[in-house]
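The values are calculated or read from the model by the stated rules, or taken from the named source; none is laboratory data. The structure presented is a predicted model; accordingly, all values stated were derived computationally and were not measured. Cβ placement follows ideal geometry from the backbone for every residue including glycine, while neighbour counts extend to all protein chains displayed.
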Amino acid sequence: MANLAQQLINGITLGAVYALFAIGYTLVFGVLDILNLAHAAIFMAAAFAAFALFGFGVPLVAAGALAIVFGGLLGIALDRVAFAPLRARNAGTLAPLISSIGVGIIIQGVVRGTFGPDQHRFAIGSLSTAQLTFGPLSIGALDLIAIAVAIAFMLALNYVLMHTALGRSIRAVADDRIAAAILGVDLERTIALTFFIASALGAAAGILIGLQFGTVSLDMGSRIELKGLAIIVLGGMGSITGAVLGAFILGIAETLSVALVSSSYRDAIAFALMFAILVARPSGLFGKKSLRSA
Amino acid sequence: MAANVARHVLEARDLVVRYGGVTALQRVSLRIESGEVVGLIGPNGAGKTSLLNAVSGVATLSEGSIALDGRAIGGLPVHRIARAGVVRTYQNVRLFRTLSIGENVRAGAFAARRAIGAAEIDDVLRQTALGEVDRFAQAGRLPYGAQRRLEIARALASEPAILLLDEPAAGLNPEESNGLGQLVRSIADRGVGVLLVEHDMQLVNDVCNRIAVLNFGSLIAHGTPAEIARDPAVIEAYLGTAR
Amino acid sequence: MIAFLAAHSKLIDQIGINALLAVSLMISLRAGQLALAQVACMGIAAYAGSVGAIAYGWNLPTSMAAGTLCAMAAAALLALPTARLRGVFLAIATIGFGEVARIVEINVPITGGAEGLANIPNDANTAWIYGTLVAALAALLAFSRGPWVLALDAVREDEVAARGCGIDVGTVRFGALVAGGAVAGLAGVLYAHANFFITPGDFGFGRMEQVLVYSVIGGTTSAVGSALGAAALTILPEAIRFLHDYREITTGALLLGFIIFAPRGLAGLWQRT
């Protein structure tokens, strides 16, 4: 029983970071109908940024905060360069996908050029290995921080979306871009801020993963990128609640499967769940875009 | 284009179409025969497009039956209904925009289950007053009125027994509407049964043998143009919005 | 000239295989389907053909036939759960399929696992590769005047109108998926027999992304364009070797430039519409 509880804690930790990452995908998709394949590159670049700042002696929290802002700004730049020109000419579904791949490659190239191709240790002293114990259960200090940060960000996002003017604008644009524009919403500003938020969340996820695993590497994005896609399909494209729920379900499912069955098919669980949902309920657990199927 | 000399009859009986909680069609029955133009009018939201969608297979029938020449076609997939000979056009023109004019017409021939050659394509284009356009030009570049006619040309390439036209005069000027009316009449004269959904009462009165009037999903009147113009239920439904 | 070709024969073979892959993706893109399962089908065929060649001594044609059939079967299987999916949904589902295939390949003993499969007979030479490529291109060009490709185009342009023209959209999509799977399967077996060593990592999302880039640069609705795009981008890393660390940035910028300024790709140079 204690072992099960321990696994649940591990699963929740994993799920929390998955959630932060997945929200970034689903926010952009919900608002703009775009699948942003540069999201993972920003995730990775922000982790490197935090690593570099920390290496220069910036205190961890400040380094993290700065790197998150950096990630957000990268998101705005991404939109300006890759998506805005296509919006102007109504370019369809494939084009933004491809241009996001292009920007992702550029970001990869810049990071590789700056830091080299190898992975780097991102250790922060004793905090990296500290464990807190509650009776038979233990949780790493970093894991606890990860859950706390993830939940804090999700609550902050919920607040922004539900209780601020910006949030109302974002929801309006997500619902009907043309109507929102007619009603006076500043489209470009709203979209830019949406990208800032989505990318900042992805950046936070990257930094947390980097700390949890103690390394930053060029391919750290590619491992999570595809699972993030599976999560948003599972949760329902465009639904933030769905992305969060899907992320936690996946985190727990993966952890339990490693503990109870075997670890070799762990990475396939995300896609097995995704296919199951696609067959049973194509709009996902909380999907609002039911027009996505024929 | 080979004219359809056989006689055809489309019988829609007691059609009911529901979307969620809304009943878009309430036990509507309609009959269309070769050679006649049946008008379908009614205020916005009356169910005209729902009826068209039901007959063409786009909308699911909750109740009722549709038969072409005695053969049940209600519930069949859209492409099978088209192949059976019931073909439609759409309210917002649905052309294959980046394909050429000739290719659009050729695409229509799938429903006729045969390939058509250049001569037949030219023939259909001439019928729809598109004889002068370049067959290889992109369909999306045509002026609006010509696009409407191309959509009808494509439908003719399907060799329809019954042709359903969804507001084909929308956005046309009086001269173009006139031309459209003549085209519709000539299609019927060649043996096709036409259902014409329209708001343009001038066109409807000029061209239709009979008119069916829908309101709130039900058929409220059915008769010749003269009868309909006098019908109190129709007048009330429109409250003077008829042109 | 001959010496030049001989020195670069590996690159030339690569171009041929990448061209086949780009063509396989083009078939689905031509139908408007963002079905990104071709590299997964490539991998399935590569393993099927290789296992047969190693265990049963199959020659190349047998290996190709068997591998391609397996790839087509996989594509047909994939068509079922994805029948109602469009756009980004379809893309994600097919990417997911690829991941599952890759993970299965890592774990199933017959494939040699993550270490890969070695000692595949090295009998796929340049002639075989380009012979297959030319045959595929010729077949597609022959079809392009006929009704099948017209149906693909119609489905891409407007599914609703296509149905109204009597086109069975479901069958068209299924056909495009399986045809693409077949061409990708051919590429897969050729790849295996040209490299005598394959790993599951060869058939992951990274390669699928590359193939997508070939298709976009070349022209998503043109078979010849896609092949040229593959050629251009296979040569590119070699050609810009002198840029060292700026290679990736250049590739990304090129991709971005094309999609924003030349969305029809290289094929836009000669395509009428």
Scan the range B:88-107 for residues that are within 7 Å of chain C (Cβ to nearest Cβ), assigned to a helix (DSSP H, G or I) and in contact with an Asp or Glu (Cβ under 9 Å, 6 or more places away or on another chain) and jot them down.
B:Glu103, B:Ala107
Limited to the range A:273-286, what total is found for residues that are more than 7 Å from chain C (Cβ to nearest Cβ) and surrounded by fewer than 17 Cβ atoms within 10 Å (Cβ to Cβ)?
3
The one condition in (1) at pLDDT below 85; (2) outside any helix (DSSP H, G or I); (3) under 30 Å from A:Phe54 (Cα atoms) that A:Leu218 fails to fulfil
(1)
Unmet criterion (only one of (1) surrounded by fewer than 24 Cβ atoms within 10 Å (Cβ to Cβ); (2) closer than 30 Å to A:Gly11 by Cβ; (3) among the aliphatic types (A, V, I, L, M); (4) at pLDDT 90 or above) for A:Val110:
(2)
How about the range C:209-252: which of its residues are more than 25 Å from C:Ala31 (Cα to Cα), more than 9 Å from chain A (Cβ to nearest Cβ) and β-branched (Val, Ile, Thr)?
C:Thr234, C:Ile235, C:Ile240
Every residue from the range A:116-138 that is surrounded by fewer than 17 Cβ atoms within 10 Å (Cβ to Cβ) and either within 23 Å of the chain's Cα centre (by Cα) or part of a loop (DSSP other than H, G, I, E, B) (or both)
A:Gly116, A:Pro117, A:Asp118, A:Gln119, A:Arg121, A:Ala123, A:Ile124, A:Ser128, A:Thr129, A:Ala130, A:Gly135, A:Pro136
Checking C:Glu105 against (1) under 30 Å from A:Gly284 (Cβ atoms); (2) within 14 Å of chain B (Cβ to nearest Cβ): exactly one of these is not met. Which one?
(2)
The range B:148-223: strands (runs of 3 or more DSSP E) wholly inside it with 1 or more residues that are surrounded by 24 or more Cβ atoms within 10 Å (Cβ to Cβ) are B:162-166, B:193-197, B:210-215
For residues that are more than 18 Å from the chain's Cα centre (by Cα) and closer than 28 Å to A:Arg189 by Cα, tally how many sit in the range A:40-53.
0
Being part of a helix (DSSP H, G or I) and surrounded by fewer than 18 Cβ atoms within 10 Å (Cβ to Cβ): is that true of A:Thr190 here?
no
Given the structure, is B:Gly85 in contact (Cβ under 8 Å) with a residue 40 or more places away in the chain, more than 9 Å from chain C (Cβ to nearest Cβ) and of a type outside the set (A, V, I, L, M, F, W, C)?
yes
I'd like the full set of residues that are over 22 Å from C:Gly219 (Cα atoms), in contact with a Phe, Trp or Tyr (Cβ under 8 Å, 6 or more places away or on another chain) and more than 7 Å from chain C (Cβ to nearest Cβ), limited to the range A:85-113.
A:Val111
Any residue at all in the range A:129-144 that is more than 14 Å from every other protein chain (Cβ to nearest Cβ) and under 21 Å from A:Ala52 (Cβ atoms)?
yes
Assess whether C:Arg145 counts as being surrounded by fewer than 21 Cβ atoms within 10 Å (Cβ to Cβ) and in contact with a strand residue (DSSP E or B) (Cβ under 8 Å, 6 or more places away or on another chain).
no
Looking at this structure, is A:Gly236 surrounded by 22 or more Cβ atoms within 10 Å (Cβ to Cβ), touching a residue at least 40 places away in the same chain (Cβ under 8 Å) and closer than 30 Å to A:Ala276 by Cβ?
yes
Out of all the residues in the range C:152-168, which are of a type outside the set (Asp, Glu) and within 7 Å of chain B (Cβ to nearest Cβ)?
C:Ala154, C:Val160, C:Ala161, C:Arg163, C:Gly164, C:Cys165, C:Gly166, C:Ile167
Subset of the range A:236-248 [more than 12 Å from every other protein chain (Cβ to nearest Cβ) and in contact with a helix residue (DSSP H, G or I) (Cβ under 7 Å, 6 or more places away or on another chain)]
A:Ser239, A:Ile240, A:Gly242, A:Ala243, A:Val244, A:Leu245, A:Gly246, A:Ala247, A:Phe248
Look through A:Leu187, A:Leu157 and report the one residue that is more than 22 Å from the chain's Cα centre (by Cα) and either farther than 23 Å from A:Leu53 by Cα or of a type in the set (Val, Ile, Thr) (or both).
A:Leu187
Given A:Ser257, A:Ser222, A:Ser217, which one is of a type in the set (Ser, Thr, Tyr) and within 11 Å of chain C (Cβ to nearest Cβ)?
A:Ser222
Any hit, the range C:122-139, residues being more than 20 Å from the chain's Cα centre (by Cα) and either within 14 Å of another protein chain (Cβ to nearest Cβ) or touching a residue at least 40 places away in the same chain (Cβ under 8 Å) (or both)
yes
Scope the range A:273-284; condition under 16 Å from A:Gly228 (Cβ atoms) and of a type in the set (Gly, Ala, Ser); matching residues:
A:Gly284
From B:Leu52, B:Leu10, B:Leu25, B:Leu61, grab the single residue that is crowded, with 22+ Cβ neighbours inside 10 Å and not in a strand (DSSP E or B).
B:Leu52
Residues of the range C:229-250 being crowded, with 17+ Cβ neighbours inside 10 Å, in contact (Cβ under 8 Å) with a residue 40 or more places away in the chain and of a type in the set (A, V, I, L, M), in sequence order, are C:Ala230, C:Ala231, C:Leu233
Residue in the range C:68-99 that is nearest to the other protein chains (Cβ to nearest Cβ), counting only those that are in a helix (DSSP H, G or I), in contact (Cβ under 8 Å) with a residue 60 or more places away in the chain and of a type in the set (Gly, Ala, Ser)
C:Gly98
So, in the range A:166-224, exactly how many residues are of a type in the set (A, V, I, L, M, F, W, C), farther than 21 Å from A:Phe153 by Cα and free of Cβ contacts under 8 Å to residues at least 40 places away in the same chain?
9
Determine which member of the set A:Ala82, A:Ala45 is within 14 Å of another protein chain (Cβ to nearest Cβ), at pLDDT 95 or above and not in a loop (DSSP other than H, G, I, E, B).
A:Ala45
I'd like the residue in the range A:54-96 that is within 19 Å of the chain's Cα centre (by Cα), more than 16 Å from A:Glu188 (Cα to Cα) and among the β-branched types (Val, Ile, Thr) and, out of all such residues, is surrounded by the fewest Cβ atoms within 10 Å (Cβ to Cβ).
A:Val69
